[in-house]
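The structure appears below as structure tokens.
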Amino acid sequence: MPNAIADLLFTGGPVLTGETTGRATALAVREGRILAVGGDELSELAGPGTEVVDLRGRLLLPGFQDAHCHAVAGGIELGQCDLTGTTGVQEYLDRIAAYATANPDAPWISGSGWSMESFPGGTPSRALLDRIVADRPVFLTNRDHHGAWVNSRALKLAGIDADTPDPADGRIDREPGGAPSGGLQEGAMSLVAGLIPEVTRADRLAGLLRAQRLMHSLGITAWQDAMLCASNGYPDISDAYFAAAHDGSLISAVAGALWWDRDRGADQIPELEEKRERFTVGRLRSGTVKFMLDGVAENFTAAMTVPYRDAHGHPTTNHGLSFIDPAALPEYVAALDALGFQAHFHALGDRAVRDALDAVAAARAANGFRDTRPHLAHLQVVHPDDVPRFRALGATANIQPLWAAHEPQMDELTLPFLEPGPAGWQYPFGDLERAGASLAAGSDWPVSSPDPMRGIHVAVNRAHVGGDLPPFLPHQRLTLGAALAAYTAGSAHVNHLDDTGHLRPGYRADLVVLDRDPFGAPPEEIGESTVDLTYIDGVRVYAATAA
């Protein structure tokens, strides 16, 4: 038993330590670190100045960590025209009209969050926007940020008409006859996005701090932002992190993933080394490089080994897009690995997953097994032959569990266009775990909700909270323990935060108290759990009103 007196003492457990030896019922904290984990005997560590928190049967666990999100973008969008939380077209239009009325001096109406399932074929119409906002351009990205909905004014300003060719990395959705219909996919978004007045430095910093408050309320104590120093039409939000890390307002530990410019080659590596040094300050560490290898399945740009079907169920020749030359990718990854960089891949289709694993294999062959902790995010479709390669190569499977459920975007915009093989290889969390892969978890917020308990609910149930649809590929379920481990220890490993993710003496006191013990309730109630308390380094950063 330590002789020191605790600053903070939790009693009345359970305490989920992340160890295999079972649960404790009490935990003591001193000077931002875990002092002891145990039971009633820890009451001896309480002194006159000790803050004692009675858990009253609520679960205490390590702080959640998000292994793939876009926090600044999410925070900015919270202050823009927000279309999340609904799939109703009329609700979209009402919100857009209300935002336009409330912001009469805004030169553009910008925002995000609409769902492809809301529109036939997943493609929205400019005519709908023209009816409510005709005098100003409108640019609204969908919830996965791989497509945009624009009005006629925006198209005219960008000079997009029936004669405008599709860019190599995207598509302009068209009406019969070739006129643009109002949807822009992938790289075509940049044709309009480049005209939007730039979000200011102050806006980006405010977005980051807004995001941090939300993350803390959800029990997230650290994260990996998957798009620092972006290019290829994506906004660069790195100055927000730089400012917050310098002035101390960045309370959470953040791993910054530096963007790989897909229009360039290995010549950018020295610049990435310079950025790693510049953006490693305070709570920010930027030793990761993000490779966006493909798009998404709903607009047929995810890179597949088996081609997509058309709307009539017939085979096509479309295998999706590879944004980075698969032949050159191994060279890039091996060179970065030799310099100690972590590789973080956006790999959604099974061909992209294979390309990423091939690149990791090349790095291992060239450099040996270095502690660079490469990870592959999204993993919508994974060929069965590639599942065991994750463990063999030491590559972490970075899962976004909220997507692994039946919903219109899956049932109407994905399943009809996939052959039976790929359709059954989606989000193979269970197979990956059984094959010994290390699992991390994230949200891809603002693509989907950042709430870890909602993601954990789907990982366990393969169905959404309160949904009435059957489980999606139920043999790929995770246990509650495995899902919680992915959001804690698994993501801590990916984020190189080796003194977090478990509750062990000497580890940082990054802690979460839920409003209940989800292990004591039916699995279908997991997603109803909320966060009562969040601590970083033993300091409370969030408390629910009733906590």
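Read the figures in this text as sums done on the coordinates, not as results from a lab. Please read these numbers as outputs of a predicted model, since none were measured by experiment. Here the Cβ positions follow ideal geometry from the backbone for every residue, glycine too, while neighbour counts run over all protein chains shown.
The distance from the alpha carbon centre of region 190-226 to that of region 76-141 is 19 Å, rounded to a whole number. Within the chain, what percent of beta bridges assigned by DSSP are antiparallel, to the nearest 5? For the chain, the DSSP antiparallel bridge percentage is about 45.
Quarter the surface of the alpha carbon convex hull of region 233-354 and you get the mean projected area, 8.9 square nanometres. By the helix-only formula, in which each DSSP H run with n ≥ 4 contributes -39500 (n - 2.57) and the sum is divided by residues, the chain has a 222 nm mean residue ellipticity of -7000 deg cm²/dmol. Based on alpha-carbon centroids, what's the gap between region 444-494 and region 251-302 in Å, whole number please? Result: 25 Å between the Cα centres. Charged side chains reduced to their Cβ positions (Lys and Arg at +1, Asp and Glu at -1) give region 108-193 a dipole of some 300 debye around its Cα centre.
Over the chain, what is the mean sequence separation of C-alpha contacts under 8 Å (at least six apart), divided by residue count, expressed as relative contact order in percent? Relative contact order here is 16 percent. Give the separation of the Cα centroids, region 311-327 to region 24-73, in Å. Rounded to whole Å, the Cα centres lie 49 Å apart. Taking 15 Å as the cut-off, the amide N atoms of region 83-124 that come nearer than this to a point 7 Å along the Cα-to-beta-carbon line of residue 412 belong to 86-92, 114-124.
For the chain, the spherically averaged projection of the C-alpha convex hull amounts to 25.3 nm².
The gain in end-to-end length when the residue 419 to residue 537 segment is fully stretched comes to 37.6 nm, 0.36 nm per residue minus the alpha carbon separation.
Each residue, residue 310 and residue 93, gets one label point 7 Å from its Cα in the Cβ direction; the gap between the two is 3.2 nm.
Under the convention that each Lys and Arg Cβ holds +1 and each Asp and Glu Cβ holds -1, the size of the dipole of the chain around its Cα centre is about 520 debye. In order along region 382-399, phi translates into HN-Hα couplings of 10, 5, x, 5, 9, 4, x, 5, 4, 5, 4, 9, x, 9, 7, 8, 9, 9 Hz, rounded to whole numbers, per the Karplus curve 6.51 cos²θ - 1.76 cosθ + 1.60 with θ = phi - 60° and x for Gly and Pro.
For region 312-436, the dipole from Cβ point charges (+1 on Lys and Arg, -1 on Asp and Glu) about the Cα centre works out to 420 debye, to the nearest 20. Taken along the Cα-to-beta-carbon direction at a fixed 7 Å, the label points for residue 56 and residue 280 span 4.5 nm. Projected label points at residue 496 and residue 243, each 7 Å from Cα along the beta carbon direction, are separated by 2.6 nanometres.
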